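Working notes, beginning with the structure itself.
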Amino acid sequence: MFLSVFEMFKIGIGPSSSHTMGPMVASARFLDHLRGLPFGVSGLRASLHGSLAFTGVGHATDRAVILGLAGFTPDAYDAERAEEALATIHERGQVEAPGLGLLRFAPKTDLIFDYGPPLPGHANGLRLMATDAQGDVIAQETYYSIGGGFVVTDAELSNPPAPTGPTTPYPFESAAQMLEMARESGRSIAAMKRANELTRMGPQALDDRLERLWQVMRDCIDRGLATDGVLPGGLSVRRRAHGIHAALQAEYGLNLTAPHTINDWISVYAMAVNEENAAGGQVVTAPTNGAAGVVPATIRYWLDHVPGAQPSRVGEFLLTAAAIGGLVKHNASISGAECGCQAEVGSASAMAAAGLAAVLGGTPEQVENAAEIALEHHLGMTCDPVKGLVQVPCIERNGLGAIKAVSAASLALRGDGTHFMPLDNCIEAMRQTGADMSEKYKETALGGLAVNIPNC
């Protein structure tokens, strides 16, 4: 199994990797499909199913599909140009699809939210259709947004394509295999992951792209700390990171605060990211947008608050975290619509704990232990966003996920790496828990906190 660090960490836009980025990517793929047809098309239609329908408005899924059909992509998103395009499409009932010309598409009638049973393949399903001059459907494709911005067609979900590319030197598909390969090779998890990545690109390109990931994460934190105001969506949730950060800075070095105030620093970094995500800003999936604050907050904590931290080792942190995230995705899920928030913030916390343990000098066994501790104590966590927005409880939840990551790494480093519950078993427990979880707790806003809100 090879899942690149740049697939686990993708630069994109908020508020959701599965509900915003994924549908935008699916729309782009559909346009590619249409360009290859031997006949022309006159119009477009789309239908959203399952979680994409129930929380689609709050997660900006409708906007993502429309903009994707107009040629926008998450990695090259221009917010100002997107607003202009949306206004034009709504006004004219047409979309200018690159390479296909001007096509009929009236969002109010051609974009349907289907609140019936989800499509059979996954909770996040969408159908994209092309029509002829008479309005008859002449081409159709079903896509599933399976979490973290990953998208597959119905056919790909049923029959996954065979792996392509060079053979990797360390093709671990479980934590047990990963640890065995580490023992045999004498390499760290990050070193093995790096060797795998180098089969696809040169060392300078790898280092440059890792630095770019951290730059976007760092910039996102800084924007979130500097920005005040109310988040969009109708809940009137105020941004809190700016005010908390200002208070922490005022107290810093005065020896007036309790030691546990360090938790506020960790939380504020994570909250800054997820407030930016909730506002539709640029973030890095880690492994998803809803959990995007955990990994960067843990890195920022390490760099700014831990003596001896070296910025040159951020790549090692990211490679280690990506290795753990890849195991979770391969053997369970990183999708809140599939397994609840345990698959998002829980996975992110495991990734962050592993990365932190690695850069603090942990052995592969201690790194695996750190990931297991963090994931274990998120098991059963539901995904129940109020009003379908990635705000309550998502923003604070990232802060607590980062705190758990730091605690898990610290606990693991106090031992020698031997522990009772292997990471593989914990990942399987998460998968089973997700399978048993009621659908109303899987990013539908039909249960939990989403239906227990103030009446004001």
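Please list 38-51, 131-144, 441-454 highest first by mean number of surrounding beta-carbon atoms within 10 Å per residue. Write out the running numbers ahead of the final one.
On the way: 38-51: 20.3, 131-144: 16.3, 441-454: 18.5.
Packing order, densest peptide first, comes out as 38-51, 441-454, 131-144.
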Quick numbers on the chain, Rg and Dmax over C-alpha atoms in Å, give 21.8, 74
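What's the Kirkwood radius of the range 16-158 in Å, using all Cα pairs?
Working: mean 1/r = 0.0676 Å⁻¹.
Hydrodynamic radius (Kirkwood, Cα only) of the range 16-158 equals 14.8 Å.
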To the nearest 0.05, the calculated FRET efficiency linking residue 33 and residue 199 through their beta-carbon distance, R0 being 30 Å, is 0.50
Measuring from label point to label point, each 7 Å out along Cα→Cβ, what is the residue 176 to residue 396 span in nm? 4.0
Protection proxy ranking of 237-249, 145-157 - average other beta-carbon atoms within 10 Å, highest first: 145-157, 237-249
Förster radius 45 Å - calculated FRET efficiency between residue 159 and residue 421 (Cβ-Cβ, nearest 0.05): 0.85
Distance between Cα centroids, the range 409-426 to the range 149-206: provide it in whole Å. 23
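Give the peptides 57-68, 345-356 in descending order of average Cβ contacts within 10 Å, highest first. Please report the intermediate quantities before stating the final value.
Working: 57-68: 25.2, 345-356: 34.5.
With the highest mean Cβ count within 10 Å placed first, the list reads 345-356, 57-68.
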Roughly how many Å is it from the Cα centre of the range 228-300 to that of the range 111-140, as a whole number? 38
Net length gained if the chain between residue 312 and residue 75 were fully extended (0.36 nm per residue, minus Cα distance): 82.8 nm
Quick query: amide H of residue 139 versus all other amide H atoms, modeled in the peptide plane; which residues come in under 5 Å with a sequence gap of 5 or more or a different chain? 130
At 7 Å along the Cα-to-beta-carbon direction for both residue 222 and residue 90, put a label point, then send me their distance in nm to one decimal. 3.4
Once phi is turned into ³J(HN,Hα) by the Karplus curve 6.51 cos²θ - 1.76 cosθ + 1.60 with θ = phi - 60°, what whole-Hz value does each residue of the range 97-107 show in order, with x for glycine and proline? 8, x, x, 10, x, 7, 10, 5, 6, 9, x
Explain nothing, just the number: relative contact order of the chain, from Cα pairs under 8 Å at least 6 residues apart, as a whole percent. 18
Run through the DSSP bridge list for the range 16-158 and note the antiparallel percent, rounded to the nearest 5. 80
In sequence order, what are the phi-derived ³J(HN,Hα) couplings for the range 182-195 according to the Karplus relation 6.51 cos²θ - 1.76 cosθ + 1.60 with θ = phi - 60°, rounded to whole Hz, with x for glycine and proline? 5, 5, 5, 8, x, 9, 6, 4, 5, 5, 5, 5, 5, 4
Amide proton proximity set for residue 281, modelled H, under 5 Å, gap of 5+: 14
HN-Hα J in Hz across the range 144-149 - Karplus 6.51, -1.76, 1.60, θ = phi - 60°, x for Gly and Pro: 10, 9, 9, x, x, x
Under a cut-off of 12 Å between alpha-carbon atoms, report the aspartates and glutamates in cross-link reach of residue 440, not counting same-chain residues fewer than 8 places apart. 338, 384
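A short reminder: the numbers here are calculations on the coordinates, not readings from a lab. Worth saying up front: this structure is predicted, and the values here are computed from it rather than measured. Glycine also receives a Cβ, built like all others from the backbone with ideal geometry; neighbour counts cover every protein chain displayed.
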